[in-house]
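Some notes on the structure that comes next.
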Amino acid sequence: MYLEEIFGLKGKTAVVTGGGRGIGQTIAIGLAKAGAEVVIISRSGAAETVRMIRENGGNAYDLCADVTDEAEVHTAVSEIIKRSGKIDILFNNAGICIHKSTLDASIAEWRSVIDINLTGEYIMAREVGRTMIENGIRGTIVNMASMSGSIVNIPQWQASYNASKAGVIHLTKSLAAEWIGYGIRVNSLSPGYIATPMSADVPQELKEAWEPLMPMHRMGKPEELIPAVLYLVSPASGYTTGTDVIVDGGYTCV
């Protein structure tokens with residue numbers, strides 16, 4: 001009962017972007033298990049995630065929208081307000097990574113990463129934050145950052161990704177300070193190397209190079225991020241805002 005009071009999300013509506021697979025899918029399921037109604041926004045839909053949540057007795061639906069398109073985001077958020085009445089939680093997760101050196105990557109690739117990872121999170125946070133403020137919701141926003149916003153990954157080169165995630169961390173702090181007067185808390189989550197479909201596409205030689213650098217000598221599991229997110233979006237973290245929570249198996253401490 002005590003844990004339900006401080007970590008439970010019953011009666012809350014949570015929006016998850018990029019929830020069709022990987023970390024987003026895992027977090028969406030975790031939020032639903034904690035009692036939240038979950039709305040997933042993605043470019044290609046998230047029917048499988050919705051099915052998994054409903055089969056476990058949860059409540060969820062999905063909407064298609066590109067987080068880099070202001071009009072599509074506005075339409076999606078308006079539809080959520082129409083169907084669910086409010087938004088209490090945003091897990092701002094959609095993102096991409098391109099492993100290329102600065103000399104090899106094109107400006108179009110740079111802009112693509114920055115547009116989705118940073119501008120997309122800004123657009124989503126702004127639209128949801130505005131809705132929370134207009135409806136008097138003392139909500140919570142968790143922006144997806146990365147340990148790459150604090151360190152430079154090796155041996156792969158990914159300046160665009162690293163820069164985008166460093167931007168997310170400081171965007172988070174800026175929004176936290178700006179919206180604290182409205183009772184809206186904004187924090188970021190910085191995972192380390194997590195075993196997801198995105199990492200499955202990474203060459204095996206990179207994974208073999210990463211493992212010796214991790215104090216735990218293994219990649220994290222997506223479900224190991226759920227407790228951190230539940231803390232950040234629940235009453236348990238009522239005095240926490242503007243914080244970047246790093247979950248990386250100790251990678252950034254050595």
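What follows draws every value from the coordinates through simple rules; no lab data is involved. The structure displayed is predicted, hence computed values, not measured ones. Reconstructed Cβ throughout: ideal geometry from the backbone, glycine too, with neighbour counts over all protein chains shown.
Taking every eigenvalue of the Cα gyration tensor of the range 11-245, multiplying by 5 and rooting it, what semi-axes result, largest first, whole Å?
28, 19, 18
How much of the pair distance distribution for the range 1-115 lies past 17 Å, counting alpha-carbon pairs only, in percent?
Working: 3760 of 6555 pairs.
So the pairs more than 17 Å apart make up 57 percent of the total in the range 1-115.
Only four residue types carry charge here, +1 at the Cβ of Lys and Arg and -1 at the Cβ of Asp and Glu. Report the dipole size of the chain about the Cα centre in Debye, rounded to the nearest 20.
Values: 21 positive and 27 negative charges, 99 e Å.
Here the size comes out at about 480 debye.
Which value in deg cm²/dmol, rounded to the nearest 500, describes the helix-derived mean residue ellipticity at 222 nm for the chain, given -39,500 (n - 2.57) per DSSP H run of n ≥ 4 and division by the residue count?
Values: 10 runs with 105 residues, N = 254.
Value at 222 nm, helices only, nearest 500: -12500 deg cm²/dmol.
Among Ser101, Ser160, Ser84, which one moves the most in a GNM of the chain with springs linking Cα atoms closer than 10 Å?
In this elastic network of the chain, the residue with the biggest mean-square fluctuation among Ser101, Ser160, Ser84 is Ser101.
Working from the pairwise distances between different alpha carbons, so that the mean of 1/r is found and then inverted, what is the range 57-148's Kirkwood radius in Å? Numbers along the way, then the final one.
On the way: mean 1/r = 0.0684 Å⁻¹.
The answer is 14.6 Å.
To the nearest 0.05, how large is the calculated FRET efficiency for Lys33 and Ser106 if R₀ is 45 Å and r is the Cβ-Cβ distance? Mind dumping the intermediate values first?
Working: r = 42 Å, r/R0 = 0.93.
Once the sixth-power term is evaluated, E becomes 0.60.
What residues of the range 1-36 lie in the reach of a label at Ala236, counting those whose backbone N is under 17 Å from a point 7 Å from the Cα along Cα→Cβ?
Residues 1-12, 27-36 fall inside that zone.
If the elastic network links every pair of Cα atoms under 10 Å, which of Leu90, Leu230, Leu118 fluctuates the most in the Gaussian network model of the chain?
Of Leu90, Leu230, Leu118, the most mobile in the Gaussian network model is Leu230.
Could you work out how much longer the chain between Ile133 and Lys10 gets when fully extended? Use 0.36 nm per residue separation minus the Cα distance between them, nm to one decimal. Could the numbers behind the result be given before it?
Numbers: separation 123, 0.36 × 123 = 44.28 nm, distance 2.11 nm.
Extending this stretch completely gives an extra 42.2 nm.
Could you tally up the Lys pairs in the chain with alpha carbons closer than 22 Å? Skip any pair fewer than 8 positions apart unless they're on separate chains.
Taking the chain as the scope, the lysine pair count is 14.
Hey, could you grab the Kirkwood Rh for the range 137-193? Inverse mean 1/r over distinct alpha carbon pairs, Å, one decimal.
Values: mean 1/r = 0.0837 Å⁻¹.
About 12.0 Å, per the Kirkwood formula over Cα pairs.
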